[in-house]
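Every number here is computed from the coordinates shown, using simple stated rules; none is lab data. All values reported here derive from a predicted model rather than from experimental measurement. Heads up, the Cβs are rebuilt from the backbone with ideal geometry, glycines too, and the neighbour counts pull from every protein chain shown.
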Amino acid sequence: MDRLIHSEDRILSWWEQAYVSDRRLTDRFRLEAEASLPIQGNLLHSSDILDGLRLVRTRLWNQQGLTEW
């Protein structure tokens, strides 16, 4: 979990540059995140998507005993 926490700013910055700042990709990025992560909403922020990623990561670790990353 430490790597994810320490990388949060870089991840959010990358998503901003790659997807959020390009209107053509924003909707698709959010739709795909909503389809694959436990999040919902019309006004998703990148931080909401990162929270969903954290939750899935924790779930996988707890339920399947996957190694920390």
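When the residues of the range 41-69 are filtered to those that are without any contact (Cβ under 8 Å) to a residue 12 or more places away in the chain and among the small types (G, A, S), which remaining residue is surrounded by the fewest Cβ atoms within 10 Å (Cβ to Cβ)?
Only one residue fits best here, namely G65.
For the range 14-40: of the residues being among the small types (G, A, S) and either farther than 30 Å from G65 by Cα or in contact with a Gly (Cβ under 8 Å, 6 or more places away or on another chain) (or both), which is surrounded by the most Cβ atoms within 10 Å (Cβ to Cβ)?
A33
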